[in-house]
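Asker: Got a structure for you, written out below as C-alpha cells; questions coming shortly.
The values are calculated or read from the model by the stated rules, or taken from the named source; none is laboratory data. All values derive from a computational prediction rather than experimental measurement. In this analysis, Cβ positions are derived from the backbone assuming ideal geometry, glycine residues included, and neighbour counts consider all displayed protein chains.
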Amino acid sequence: MSTQYNVIGTRPIRHDGADKVTGRALYGADIQLNGLLHGAILRSPHAHARIKRIDTSKAEALPGVKAVATAADFPAAGDKIVDLGEGATPLSYIRGNVLAQGKVLYRGHAIAGVAATSAHIAEEAASLIEVEYEVLPCTLTAPDAMKDGAPILHEDLHMQEFGKKTDKVNNVADHFRFSIGDAEKGFEEADLIIEREFHTSTVHQGYIEPHNATVLWNNDGRVQVWTSTQGSFVVRDTTACILDLPVAQVKVTPMEIGGGFGGKIPVYLEPVAAVLSKKSGRPVKIVMTRKDVFEASGPTPGSYIRAKIGAKRDGTFTAAQAYLAYEAGAYPGAMVGPGAMCIFAAYDIKNVTVDGYDVVVNKPSTAAYRAPGATNAAFAAESVVDEIAEKLGIDPVDIRLKNAAKEGTQRVDGPKYRRVGCVEVLQAIKASEHYNAPLGGPNRGRGIGIGFWFNVGLPSSCTISVNADGSVNLVEGSTDIGGTRTSIAMQAAEVLGIPAEQVHPSVVDTDSIGFTAVTGGSRTTFATGWAAIEAARDIVRQMKERAAKLWETEPAEVNFENGVFSKNGKSMPFAELASKIGETGGPIVGRGAVNPRGVGGSFAGAIADVEVDPETGKTQVVRFTSIQDVGKAIHPAYVEGQMQGGSVQGIGWGLNEEYYMDTTGTMRNSSLLDYRMPTALDLPMIETIIVEVPNPGHPFGVRGVGEANIVPPPAALANAIHQAAGVRLRTLPMKPSTIMEAVWAK
Amino acid sequence: MKWFDYQAPRNIGEAVEAMTLHPTARPLAGGTDLLVQMRAGRRTPDLIVDIKKIPELNQLHFEPGLGLTLGAAVPCYRIYNDSAVSRAYPSLAEVANIIGGTQIQGRASIGGNLCNAAPSADSIPLLIALGATARITGPSGERTIDVAAFCTAPGVNVLQPGEILVSIQIPPTAGGARYLRFIPRNEMDIAVAGAGVSVTLSNGNIQSAKIALASVAPTPITVDASSLSGAPVNDDTLKKAGELAAAAAKPITDMRGTADYRRHLCAVLTRRALASAIAAAKESK
Amino acid sequence: MERKVHVQTTINGEPAEFLCEPRQSLLECLRDILNLTGTKEGCNDGNCGACTVTMDGRIVTSCLVLGVEAEGAEITTIEGIARGNELHPLQKAFLEEAALQCGICTPGFIVAAKALLDQEPHPTEERIRWWLANNLCRCTGYDKIVKAVQKAAQEVTL
Amino acid sequence: MATVYLPTLLRPLAGGRESVQVEGATVRQIIDNLEQQHPGIKERLVENNRLKPNISVAVDNEILPLGLIESVNPDSEIHFVQAITGGKN
C-alpha cells in the first residue's frame, strides 16, 4: 500500500535558494560588526611536545594587537564528563584541544590566540609568540601506538573495558567486545574461511568552508556567538562549559554553513574568540586557514582492521570475526564502536565476535564523518565477501542476498533489526540496468558493496505560527546544510494541506527556539521533521477549534482533509480559516518538541565501474550508481544529492584522499591541491536508485539519508579494481602507485 | 602576510631599477605561485614589482621562419586562444591548458612557471624539448640562455639581483612535440612525473629527438637522446626512449610517489609522448 | 613607510574605489572593505574556486589577485550576475536542478559557468567538467551542477 | 520477567551467561534487581543516577531515548548497547 501525498515526494525550489545563488546568504565568515577585530591562532609545529614556557610579550607589543589568550585564560574549572553532542567526553579533553595545556599532542594543536585590527597583524603577532618546547617522540598509527614502549600521549589514560577502568596505560582508551553465538564453532562448520588485513588512512570531510567563529562578550556579561556549525546548542553548551558560564549566558546564532559532514560539530575557535573579546572589549572573528582545517580540525580515523568470514560451499556465512583498531587522534573517541557494530551489519550471521580498540595517536583529534567508523569497516568486510564469492563462484549480489540482514536478524551488539531494506537494496542492484550492462572496454572492472548506518533520533524543537494570508512561519533550530529547511517545511505543509511554498522556514538562534541537537546522524529530516509534524498537528487542532466556533459545533465534529476543514457540508480551506483567526480568538502558534523513538537504519549499495591504466595504475571511475533505502524520500532531488555527494566522498576516500604524514607527524599534503579531493573532471554522472522501505517508526516513513551512502564506495571500487587489474587492494587510498606496486608484486 | 610595497612599472628600465634597489623584490606576473609562497612565509619580499604593464613582457608574436616570442607575463589562456600560435605549437597550447584550472590559466604565465623553477613545472620540459631560450635583462644589460640551463635548484634560477625574464623565444619547429604528465586527478594536480619530447623525422626514421623530464630531479632535466638519432620509428625505439628517460631520472620518494614508481612513469610517459610527437610530426608534413 | 593604496576600479558595472594595503588580496578587498561577501574563501591558494570572479572578462581566483591589481580593471562578482530582480538562467537552473546543498561553492560555480556559457553556448559535458575543474564542491558530487549548466545552456540559447 | 542480554564484557559478572531473567517495570528497576543478582554490574552501566552517556538501552529492539525511566514489559528483551550520537561516538 502506498500512501498518497500532496507535498512529500515533490521537488519544490528550496526556500533559501535565491539567497544562495546570488551571494546574499550570510555564512559565518561573512559577518561584519562595528569594531570587529580579527584573530589568529598560534599552532604547534611539533606532533608531541611538552610546553615549557610561553612568552607573549612581543606579540602584545606589536601595534594593532588588542589581546592575546592562552589556556591560562580559561577558568580552572575541575574536570567532569560532559556530553555536548559528541558523546561522553571529559571536559579537560575538549578544553585541552581548544588551547593546549602543558603538552601539545599533534602538529597544529592550538596554543594561543591573538586579536588585532587586521588578520595580517594578528597572523604576524601569533608568529611573535615564543614557545619553548621539549620535543617528545610521536606515535602515528594505531598498531604502533599500541606497542610496548610507544610514546604515551596521556599518562593518566587507563584503558576502559565496558565502563571499567583497567590498570593498562597503553594509548588504548577503550577496548570492547561484541559476540553472538559461538564464532569458533561457526568457523568449524565453514568450507571456506578468508581472513585479511586492511589499513585505511586518515581522511578529512573536506567541507569547502573553513571553520570560523565571531564572538562578542557583551558589557552585560552575555556572550554572543556567530558561527558556522552543525549544532548551535552544542556550541552554546561547549562554550559555556569551557568558560564556566551558565548555558543561557551564551547565545549562539548559527550562520549559513558551508558543509560539515560531521566535522563541524566540535568546537575549536569560539572559546578563544570569547576570551579575546572579553580582554579587548570588542567583537573578535577568527577564521581557520585551509592548512589549519587539515591540521587542526577533526578528520576521521585511520584504521587497522582484520576481518574473517567463514562460508559453506553454498555461500552461507557460518561465522565472522573482526579486530578493529581505530586512530582517535590526540583524544579518545575514534568511533570504533559504530565501526564494530557496522562491519557485519549487512549480514545475518549467527556466530560473530568483534573486538574494537580506541587508540590515541599524535594526530588531530578525530571527528565524525558521515556514518563515522562504518566506511573503514565496510571496506574490510565487503572485500572479504567479494573474495569469498569469487572463490565459491557465486555472483556477488547473490551471495549477499543469501546472507542479507532482515527484520529479526540479530545485530552483533545484541538487538534485532526491525524493518530494514537490505534485501530491497540488493534486489535493486541486481535488477538495475547498470549491473547488467556490458563493461564496454578493456582494463575495466565492476564491483559492488553494501553498507549500513544506524541513523539517530535526538531532541528537536519547532514552532509554527499561522499568518492571515494562509501561509505559516516555521521556526526551527537545525542548521541547514543541504536543504533541510525545505524537507522540514514540506512535512509541515503535508500535515497542513498547503503548498511547501506557503511555509516560511527560519533557522534561529539558541535564545529563540527549544533545544535542538546537531544536524548530523541523518536525523534532521527525521527528527526536526517530526517536530514540525507535531507543531503542524497542533495548528490543525487549534484551527479545528476555530472552525468549530464559526460553525457553532464541537472541535471533534470538524474534519480536516487535504487542507480543508469541513462539517456537514460546510467547508473552509486552510487559507480562508487562517484569515479568520483574528476574529475567532487571536494568533495561533503550534509547537512541536520531540525526542523520538522509531529511528530507522538505512542500507546503501554501490555499483562501480572502473578502468585501470595497466601501465600507470591510475583508476578512472567510468560509471557509478548509488542505491539507498531512504524510507521515504521527502524531497527526492535532495535525496539524490545526498546519495551523489556521499558516493563521491567515498570515491575520493577510496582512490586518492589521505593524510600523508612524515615520520615527525607533519602532514605533507595539507592543501586542497595535494589532498586531491575529486574534481568535476574526475567523475561520471552519479546515478541513483532510491529504494523506499518506509520506516514504521516515523509518521511519513522517513529513515534519514545523509550517511549510509558513503559506506559502500571504497569497497565497491576495490572489488572493481580487482576485476580490472587482477589485484586486491587492502589499503586505502588505492592510489595509482599502490595499484602499480600491487601489480608488480603479483 | 608581511607588509610589502607594490609598484607597477610601465617599462623594463623602471622594473630593473626597482628590482635592483630592492634585493628581496619579486616580480609579479600571474601570482599563482608567488602569492601562495608568500602566504606560506616561504618568500618575504619587501617589494612586489608587477610586470604586467610592460609591453615587451606581454608580447605574443609568432613569425613563421623566426619562431615565437612569448612575453614573460603572457597568461596561459592567451596562448591557447591564439589560433596561429596553437597551430604552430599545439604542444605548447596544450601545456598552457593543463597548468592549473581555468581560473589559474587566466593569470598564470609560462614565464612565471619557468622563473618559479619548480622541479614539477609542466611547461619547462616541453620548452627544453622545443629548444627554447630565455631572454633576460638586468642592470648589466641583456643576455640569452637556454631554458635547459635556467633552473639551478628547487625554486632557484639563474636570475641575478635586478634581472628579470623578458621573454621566452621558441624556434620554429620542423617536427612534432608533446608533453605528457602523470597526475592522480585529471586536472588541478602536480606532476608525479612529466616528459616533454620533440622529434624530427627523416625518411621515416628519427632524425633527432629531445627529451626532458619533470618531477624526477631537483630541476627539470634534459635526457641525452642522441642515441635515438637515425633509429627507425617502431616500438623498440619507443621503448628505448623510455629506458633512456628512466635511466636519466633521479627521483625521490615523497607524497606524490615513490622513486621506483616515478622512474617507471618516466619510461611510460616518454614512450607515449614520443609516439604522440612522431604522429604529430607525420601529420605536420 | 606603510601606506594604503587608493584603487579605482569597476565592480559589477559600477565605478568603485577603495583604500587597501598592497598585501590584501582582491578577495579580502571585496569581502572586508566593499562588503561583497558573496565571493567566498575556501582555501586562499587558488585550488577551490570559491572566490572566483571575472577580471577583464577572464575568470580568476580572487585570492590570487592583489587588490591593487584591480586598478583600472573590470570585476564581476556573484552579486553582479542577476539582471536586477531577475535571476540569471544559470541561477534558476541551479535552483531547479538542486545543484547546491550547502551553497558555499555556488557563487564560484555560477561565476565560472557563466563565463563558459558567454563564450561557448553549447559546451559538451566533458567541456563543462574541464572548465569547472578549478571549482571544488564537496556536497553534490557535481552531477547536478553539470546538469544545471547544461540546462542553462539550453535556456540561454533559446 | 524481562530478559536482559548482557554485553560481552559484562558476562563474567553473571557467571558467563549471555542473558538473565530480571523483574522490573522500568529500566532503573531492572538494573537495581540485576545488581542484586549479580553485584558489580550497576557501576558499569550507571553513573550519577543516569545511564552512562556512552551507553544506550534497547527495549524490544528499539533504542530508547530516556534511559533509566523507560518502561519495561514483563516479556521485554533488553540490551545495553554503545550509544550512537549525531557526532563523535
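Asker: Out of segment B:119-151, which residues are surrounded by fewer than 19 Cβ atoms within 10 Å (Cβ to Cβ) and within 18 Å of B:ASP224 (Cα to Cα)?
Answerer: B:GLY131, B:ASP146, B:ALA149
Asker: So which of A:ALA720, A:ALA715 is surrounded by 24 or more Cβ atoms within 10 Å (Cβ to Cβ), touching a Phe, Trp or Tyr at 6+ places or on another chain (Cβ under 8 Å), outside any loop (DSSP other than H, G, I, E, B) and touching a residue at least 40 places away in the same chain (Cβ under 8 Å)?
Answerer: A:ALA715
Asker: Right, another one. May I ask you to list the residues in segment C:80-116 that are facing chain A (nearest Cβ under 9 Å) and without any contact (Cβ under 8 Å) to a residue 12 or more places away in the chain?
Answerer: Once the filter is applied, which keeps residues that are facing chain A (nearest Cβ under 9 Å) and without any contact (Cβ under 8 Å) to a residue 12 or more places away in the chain, segment C:80-116 yields C:ALA82, C:LEU87, C:LEU95, C:GLY103.
Asker: If I go through segment B:251-270 residue by residue, how many of them are part of a loop (DSSP other than H, G, I, E, B) and either within 11 Å of chain A (Cβ to nearest Cβ) or under 17 Å from B:LYS240 (Cβ atoms) (or both)? Lay out the reasoning, then the answer.
Answerer: First, pick out the residues of segment B:251-270 that are part of a loop (DSSP other than H, G, I, E, B): B:251-253, B:255-256, B:258.
In the following step, the residues that additionally are either within 11 Å of chain A (Cβ to nearest Cβ) or under 17 Å from B:LYS240 (Cβ atoms) (or both) were identified as B:253, B:255-256, B:258.
Summing the residues that are part of a loop (DSSP other than H, G, I, E, B) and either within 11 Å of chain A (Cβ to nearest Cβ) or under 17 Å from B:LYS240 (Cβ atoms) (or both) in segment B:251-270 gives 4.
Asker: Is it the case, given these coordinates, that B:VAL95 is in contact (Cβ under 8 Å) with a residue 24 or more places away in the chain, of a type in the set (A, V, I, L, M, F, W, C) and in contact with an Asp or Glu (Cβ under 8 Å, 6 or more places away or on another chain)?
Answerer: Details: in contact (Cβ under 8 Å) with a residue 24 or more places away in the chain: yes; of a type in the set (A, V, I, L, M, F, W, C): yes; in contact with an Asp or Glu (Cβ under 8 Å, 6 or more places away or on another chain): yes.
So B:VAL95 fits the description; yes.
Asker: While we're here: Within segment A:280-297, identify whether any single residue is in contact with a strand residue (DSSP E or B) (Cβ under 6 Å, 6 or more places away or on another chain), part of a strand (DSSP E or B) and among the small types (Gly, Ala, Ser), and answer yes or no.
Answerer: Taking every residue of segment A:280-297 in turn, none turns out to be in contact with a strand residue (DSSP E or B) (Cβ under 6 Å, 6 or more places away or on another chain), part of a strand (DSSP E or B) and among the small types (Gly, Ala, Ser).
Asker: Which ranges mark the strands (runs of 3 or more DSSP E) fully within segment B:175-249 that have 1 or more residues being of a type in the set (S, T, N, Q)? Reasoning before the result, please.
Answerer: Numbers: elements: B:176-182, B:193-202, B:205-214, B:221-223.
Fully inside segment B:175-249 and qualifying: B:193-202, B:205-214, B:221-223.
Asker: Still on this structure, I have one more. Residues being touching a strand residue (DSSP E or B) at 6+ places or on another chain (Cβ under 8 Å) and either within 30 Å of A:LYS264 (Cα to Cα) or free of Cβ contacts under 8 Å to residues at least 60 places away in the same chain (or both): count how many of those fall in segment D:44-84. Let's see the steps before the verdict.
Answerer: Of segment D:44-84, the ones touching a strand residue (DSSP E or B) at 6+ places or on another chain (Cβ under 8 Å) are D:44-45, D:47, D:51-61, D:63-64, D:67-84.
Cutting the leftovers down to either within 30 Å of A:LYS264 (Cα to Cα) or free of Cβ contacts under 8 Å to residues at least 60 places away in the same chain (or both) gives us D:44-45, D:47, D:51-61, D:63-64, D:67-71, D:80-84.
Total meeting the criteria: 26.
Asker: Give, as residue ranges, the helices (runs of 4 or more DSSP H) completely inside segment A:108-207 that count at least 3 residues that are out of contact with any strand residue (DSSP E or B) (no Cβ under 6 Å at 6 or more places or on another chain), at pLDDT below 95 and on the phi > 0 side of the Ramachandran plot. Give the derivation first.
Answerer: Values: elements: A:119-128, A:142-145, A:183-188.
Of the helices (runs of 4 or more DSSP H) lying wholly inside segment A:108-207, none has at least 3 residues that are out of contact with any strand residue (DSSP E or B) (no Cβ under 6 Å at 6 or more places or on another chain), at pLDDT below 95 and on the phi > 0 side of the Ramachandran plot.
Asker: Does B:THR253 fit the bill of being in contact with a Lys or Arg (Cβ under 9 Å, 6 or more places away or on another chain), in the same structural domain as B:ARG181 (by TED's automatic domain parsing), within 30 Å of A:SER670 (Cα to Cα) and of a type outside the set (A, V, I, L, M)? Steps first, answer last, please.
Answerer: On the way: in contact with a Lys or Arg (Cβ under 9 Å, 6 or more places away or on another chain): yes; in the same structural domain as B:ARG181 (by TED's automatic domain parsing): yes; within 30 Å of A:SER670 (Cα to Cα): yes; of a type outside the set (A, V, I, L, M): yes.
Yes, satisfied.
Asker: Among the listed residues A:LYS66, A:LYS58, identify the single one that is more than 14 Å from chain C (Cβ to nearest Cβ), assigned to a strand (DSSP E or B) and charged (D, E, K, R). First the steps, then the outcome.
Answerer: Numbers: A:LYS58 fails: assigned to a strand (DSSP E or B).
A:LYS66 is the lone residue from the list that is more than 14 Å from chain C (Cβ to nearest Cβ), assigned to a strand (DSSP E or B) and charged (D, E, K, R).
Asker: Could you list, in sequence order, all residues of segment C:10-38 that are hydroxyl-bearing (Ser, Thr, Tyr), free of Cβ contacts under 8 Å to residues at least 60 places away in the same chain and either surrounded by fewer than 22 Cβ atoms within 10 Å (Cβ to Cβ) or within 8 Å of chain A (Cβ to nearest Cβ) (or both)? Spell out the reasoning first.
Answerer: Residues of segment C:10-38 that are hydroxyl-bearing (Ser, Thr, Tyr), as a first pass: C:10, C:25, C:37.
Subsequent filtering for residues that are free of Cβ contacts under 8 Å to residues at least 60 places away in the same chain retains C:25, C:37.
Of everything in segment C:10-38, just one residue is hydroxyl-bearing (Ser, Thr, Tyr), free of Cβ contacts under 8 Å to residues at least 60 places away in the same chain and either surrounded by fewer than 22 Cβ atoms within 10 Å (Cβ to Cβ) or within 8 Å of chain A (Cβ to nearest Cβ) (or both), namely C:THR37.
Asker: Next up: Step by step: first the residues of segment C:58-75, then only those that are more than 9 Å from every other protein chain (Cβ to nearest Cβ) and more than 25 Å from A:GLY28 (Cβ to Cβ), then the one that is surrounded by the fewest Cβ atoms within 10 Å (Cβ to Cβ). Which residue is that?
Answerer: C:GLY72
Asker: Looking at segment A:136-195 only, could you name the residues that are of a type in the set (Gly, Ala, Ser), crowded, with 16+ Cβ neighbours inside 10 Å and more than 14 Å from chain D (Cβ to nearest Cβ)?
Answerer: At the first step, the residues of segment A:136-195 found to be of a type in the set (Gly, Ala, Ser) are A:142, A:145, A:149-150, A:163, A:173, A:179, A:181, A:183, A:186, A:190.
The next check asks that each one be crowded, with 16+ Cβ neighbours inside 10 Å; those that pass are A:142, A:145, A:150, A:163, A:173, A:179, A:181, A:183, A:186, A:190.
Once the filter is applied, which keeps residues that are of a type in the set (Gly, Ala, Ser), crowded, with 16+ Cβ neighbours inside 10 Å and more than 14 Å from chain D (Cβ to nearest Cβ), segment A:136-195 yields A:ALA142, A:ALA145, A:ALA150, A:GLY186, A:ALA190.
Asker: Could I ask something else about it? Every residue in segment D:4-33 that is in a strand (DSSP E or B), of a type outside the set (Ser, Thr, Tyr) and more than 14 Å from chain A (Cβ to nearest Cβ), please. Before you say what the answer is, go through the steps one by one.
Answerer: Within segment D:4-33, the first condition is being in a strand (DSSP E or B), and the residues that meet it are D:4-5, D:19-22, D:26.
Filter once more, so that each one left must be of a type outside the set (Ser, Thr, Tyr): D:4, D:20-22.
Selection gives D:GLN21, D:VAL22.
Asker: Determine if segment A:21-28 includes at least one residue that is buried (at least 17 other Cβ atoms within 10 Å of the Cβ), in contact (Cβ under 8 Å) with a residue 12 or more places away in the chain, more than 9 Å from chain C (Cβ to nearest Cβ) and in contact with a Ser or Thr (Cβ under 9 Å, 6 or more places away or on another chain).
Answerer: yes
Asker: Cβ-Cβ under 7 Å, sequence separation 6+ or interchain: first residue in segment A:98-127 and without any contact (Cβ under 8 Å) to a residue 60 or more places away in the chain and of a type outside the set (Val, Ile, Thr), partner surrounded by 24 or more Cβ atoms within 10 Å (Cβ to Cβ) and outside any strand (DSSP E or B). Which pairs?
Answerer: Qualifying pairs under 7 Å: A:ALA100/A:HIS109.
Asker: Additional query: Just the residues that are over 24 Å from B:ILE164 (Cα atoms), in a loop (DSSP other than H, G, I, E, B), within 14 Å of chain C (Cβ to nearest Cβ) and not aliphatic (A, V, I, L, M), please, taken from segment B:71-107.
Answerer: Across segment B:71-107, the qualifying residues are B:ASN97, B:GLY101.
Asker: Being in contact with a helix residue (DSSP H, G or I) (Cβ under 9 Å, 6 or more places away or on another chain), closer than 30 Å to C:ASN135 by Cα and either within 14 Å of chain D (Cβ to nearest Cβ) or of a type outside the set (A, V, I, L, M) (or both): is that true of A:GLY206 here? I'd like the intermediate steps shown before the answer.
Answerer: On the way: in contact with a helix residue (DSSP H, G or I) (Cβ under 9 Å, 6 or more places away or on another chain): yes; closer than 30 Å to C:ASN135 by Cα: yes; either within 14 Å of chain D (Cβ to nearest Cβ) or of a type outside the set (A, V, I, L, M) (or both): yes.
Yes, satisfied.
Asker: For segment C:39-54, give me the residue count where each residue is more than 7 Å from every other protein chain (Cβ to nearest Cβ) and within 23 Å of B:ALA8 (Cα to Cα).
Answerer: Result for segment C:39-54: 2.
Asker: Kindly indicate which of B:ALA214, B:ALA273, B:ALA248 is of a type outside the set (S, T, N, Q), buried (at least 24 other Cβ atoms within 10 Å of the Cβ) and away from chain A (no Cβ under 14 Å). Give the steps one after another, and end with the answer.
Answerer: On the way: B:ALA273 fails: away from chain A (no Cβ under 14 Å); B:ALA248 fails: buried (at least 24 other Cβ atoms within 10 Å of the Cβ).
Every option except B:ALA214 fails the conditions.
Asker: Additional query: When only residues in segment B:9-37 that are among the hydrophobic types (A, V, I, L, M, F, W, C) and facing chain C (nearest Cβ under 8 Å) count, which is surrounded by the fewest Cβ atoms within 10 Å (Cβ to Cβ)? Don't jump to the end; show me each part of the working.
Answerer: Taking segment B:9-37 and keeping what is among the hydrophobic types (A, V, I, L, M, F, W, C), we get B:12, B:15-16, B:18-19, B:21, B:25, B:28-29, B:34-36.
Pick out the ones that are also facing chain C (nearest Cβ under 8 Å) and you get B:28, B:35-36.
Details: B:LEU28: 24, B:LEU35: 25, B:VAL36: 20.
Among those that are among the hydrophobic types (A, V, I, L, M, F, W, C) and facing chain C (nearest Cβ under 8 Å), it is B:VAL36.
Conditions (1) in contact with a helix residue (DSSP H, G or I) (Cβ under 8 Å, 6 or more places away or on another chain); (2) assigned to a helix (DSSP H, G or I), marked per residue:
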| site | (1), (2) |
| --- | --- |
| A:GLY592 | yes, no |
| A:GLY605 | yes, no |
| A:PRO614 | yes, no |
| A:TYR638 | yes, yes |
| A:GLY652 | no, yes |
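Asker: Still on this model: Identify, please: which residue in segment A:613-666 is away from chain C (no Cβ under 14 Å) and small (Gly, Ala, Ser) and is, among those, surrounded by the fewest Cβ atoms within 10 Å (Cβ to Cβ)? Steps first, answer last, please.
Answerer: Step one: list which residues in segment A:613-666 are away from chain C (no Cβ under 14 Å), which gives A:613-619, A:627, A:629-632, A:658-666.
Next, from what is left, pick out any that are small (Gly, Ala, Ser): A:617, A:631, A:665.
Numbers: A:GLY617: 26, A:GLY631: 29, A:GLY665: 22.
Among residues in segment A:613-666 that are away from chain C (no Cβ under 14 Å) and small (Gly, Ala, Ser), the one surrounded by the fewest Cβ atoms within 10 Å (Cβ to Cβ) is A:GLY665.
Asker: Taking the condition away from chain C (no Cβ under 14 Å), in contact with a Phe, Trp or Tyr (Cβ under 8 Å, 6 or more places away or on another chain) and surrounded by fewer than 17 Cβ atoms within 10 Å (Cβ to Cβ), does B:VAL197 pass? Show your work before the answer.
Answerer: Details: away from chain C (no Cβ under 14 Å): yes; in contact with a Phe, Trp or Tyr (Cβ under 8 Å, 6 or more places away or on another chain): yes; surrounded by fewer than 17 Cβ atoms within 10 Å (Cβ to Cβ): no.
For B:VAL197, the condition - away from chain C (no Cβ under 14 Å), in contact with a Phe, Trp or Tyr (Cβ under 8 Å, 6 or more places away or on another chain) and surrounded by fewer than 17 Cβ atoms within 10 Å (Cβ to Cβ) - is not met.
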